[in-house]
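Below: the structure, in structure tokens.
The values are calculated or read from the model by the stated rules, or taken from the named source; none is laboratory data. Just so it is clear, the model here is predicted, and its values are computed rather than measured. FYI the Cβ positions are ideal-geometry reconstructions off the backbone, even for glycines, and counts take in every protein chain you see.
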Amino acid sequence: MRQGFTTLAVLCVSVFVVGTSEYLISGLLPQVGADLGVSVGTAGQAVTVYALGVVVGGPLVAALTARTPRKALALGLMLLFAAGSAISASATSFELLLIGRLVSSLSHAAFLALAMVMATSVVPPDRTGTAISTVASGFTVATLLGVPLGALLGERAGWRAPFAVLTALALAGVVLLAAVLPRQQAPATRLRDEVRVVTRRPVLLAIVTTAVGFSGVATVFTYITPLLTRVSGFSPAAVSGLLLAYGAGSFVGNLFAGRFADRSLSATVRGVFGGLVGVLALMPFAALWQPSAMAAVLVLGLLATATIAPLQGLILRHAGDAPTLAVAANVGAFNLGAAGGSAIGGVIVAAGALRWAGLVGATLSLVGLALTYLVLPRTSSSARTFPDGVSGRHPVVPSVETRGARTR
């Protein structure tokens with residue numbers, strides 16, 4: 001039990017380090033632009049390149065490393081991340097910075113997927129949701145603390161300093177992972193096995209559910225600051241406090257969703273999406289009064305990341321003994337949903353309809369809710385059975401012993 005807790009803790013810390021990198025540069029764009037001689041808009045492409053690397057490169061890396069021993073792969077991905085961060089920290093041109101960001105991004109989705117899969121191997125089957133949410137909490141803490149602290153460090157010590165710190169933390173993570181990760185047999189699955197799993201109808205539906213459902217959150221949250229200042233009348237300082245509360249709510253909501261998913265995956269995922277539909281639909285009206293706007297932001301925070309554990313649980317439930325590529329693709333789907341939602345929100349804001357973005361977000365989350373009934377159809381049996389024959393009571397995750405015969 002203690003070994004399992006230690007493993008989860010180290011995986012969580014490692015995910016925190018990797019997760020911090022994604023949006024870290026968003027708070028450093030003016031400094032990057034001034035130092036490297038590009039406009040702020042051009043500097044923002046460093047965010048885009050990273051996102052593309054996660055969406056496209058992550059599943060590709062996961063597929064190509066499908067038969068690599070898990071512990072060795074975890075160490076290799078963290079070293080790859082450290083190398084990308086080091087390139088970014090020492091970049092003498094904007095092009096070199098983009099290369100560093102791309103290198104780091106290639107490890108992002110693959111490492112998060114691997115961390116979630118490895119986490120489920122050190123807990124009992126009925127604790128899968130808790131294990132996933134524990135590891136994923138590293139990502140929510142990265143958004144809550146890592147990104148703003150990195151931006152603060154960048155303002156005081158230069159934009160390169162946060163990337164140098166990330167490099168050092170990633171190398172420290174390699175040491176910790178080497179010390180605590182259990183030796184596991186290499187998966188016997190081949191690339192075609194991973195591809196066959198990710199192309200199963202339930203897995204594809206779950207990935208689409210993730211992208212569409214989460215885009216509803218991004219449609220509103222990307223532009224939450226102008227909504228709260230222009231429509232609700234909050235001061236910038238008050239908005240910063242609300243965003244901190246939003247992040248804290250995301251951390252708590254993610255952990256509770258993991259526990260609820262262990263009891264009923266279908267009820268949790270539908271409950272979360274149903275809650276998102278409600279709060280997003282009410283957002284245009286809640287924003288008119290500051291107390292109700294505060295309440296709406298807090299509820300949105302609680303629900304936004306509560307989708308992670310149940311949606312990854314859906315993937316693991318249908319993935320059988322070849323889950324890594326499917327989980328990596330689902331990590332990419334979160335990023336795709338964020339990008340799509342941001343783009344949709346941008347169109348709404350450009351049309352002068354900032355206040356009403358919540359209705360569009362609610363519609364997208366409603367589509368996500370509808371899709372869950374295709375992934376998790378209702379049955380009268382208490383022990384539900386899904387299209388691939390997997391029982392619905394607990395997610396089925398392959399044990400260490402069944403993952404292959406070739407050792408590290």
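Is it true that residue 177 is out of contact with any Gly (no Cβ under 9 Å at 6 or more places or on another chain) and assigned to a helix (DSSP H, G or I)?
Yes.
So, of the residues in the stretch 334-368 that are modelled with pLDDT of 90 or more and within 19 Å of the chain's Cα centre (by Cα), which turns out to be surrounded by the fewest Cβ atoms within 10 Å (Cβ to Cβ)?
Out of the qualifying residues, it is 364.
Looking only at the stretch 197-255, which residues are out of contact with any Asp or Glu (no Cβ under 9 Å at 6 or more places or on another chain), part of a loop (DSSP other than H, G, I, E, B) and not polar (S, T, N, Q)?
Passing the criteria: 223, 233, 234.
Suppose we filter 209, 140, 130 for residues that are of a type in the set (Val, Ile, Thr), touching a Ser or Thr at 6+ places or on another chain (Cβ under 7 Å), more than 20 Å from residue 74 (Cα to Cα) and not assigned by TED's automatic domain parsing to the domain that holds residue 297; which single one remains?
140 is the lone residue from the list that is of a type in the set (Val, Ile, Thr), touching a Ser or Thr at 6+ places or on another chain (Cβ under 7 Å), more than 20 Å from residue 74 (Cα to Cα) and not assigned by TED's automatic domain parsing to the domain that holds residue 297.
So, in the stretch 270-295, exactly how many residues are assigned to a helix (DSSP H, G or I) and surrounded by fewer than 24 Cβ atoms within 10 Å (Cβ to Cβ)?
Result for the stretch 270-295: 17.
Please go through (1) at pLDDT below 90; (2) among the charged types (D, E, K, R); (3) part of a helix (DSSP H, G or I) for residue 101 and return the number of the only condition it doesn't satisfy.
Unmet condition: (1).
Hey, residue 170 hits all of (1) farther than 30 Å from residue 86 by Cα; (2) surrounded by 15 or more Cβ atoms within 10 Å (Cβ to Cβ) but one; which does it fall short on?
(1)
Residues that are surrounded by 20 or more Cβ atoms within 10 Å (Cβ to Cβ), in contact with a Pro (Cβ under 6 Å, 6 or more places away or on another chain) and not assigned by TED's automatic domain parsing to the domain that holds residue 338: does the stretch 112-123 have at least one?
Checked the stretch 112-123: at least one residue is surrounded by 20 or more Cβ atoms within 10 Å (Cβ to Cβ), in contact with a Pro (Cβ under 6 Å, 6 or more places away or on another chain) and not assigned by TED's automatic domain parsing to the domain that holds residue 338.
Does the stretch 62-71 contain any residue that is within 25 Å of residue 339 (Cα to Cα), crowded, with 23+ Cβ neighbours inside 10 Å and modelled with pLDDT under 85?
Yes, there is a match, as at least one residue in the stretch 62-71 is within 25 Å of residue 339 (Cα to Cα), crowded, with 23+ Cβ neighbours inside 10 Å and modelled with pLDDT under 85.
Out of 203, 212, I need the residue that is touching a residue at least 60 places away in the same chain (Cβ under 8 Å), closer than 18 Å to residue 345 by Cβ and within 21 Å of the chain's Cα centre (by Cα). Which one?
212
Can you name the helices (runs of 4 or more DSSP H) wholly within the stretch 1-53 that have at least 1 residues being over 30 Å from residue 92 (Cβ atoms) and in the same structural domain as residue 88 (by TED's automatic domain parsing)?
Result: 2-24.
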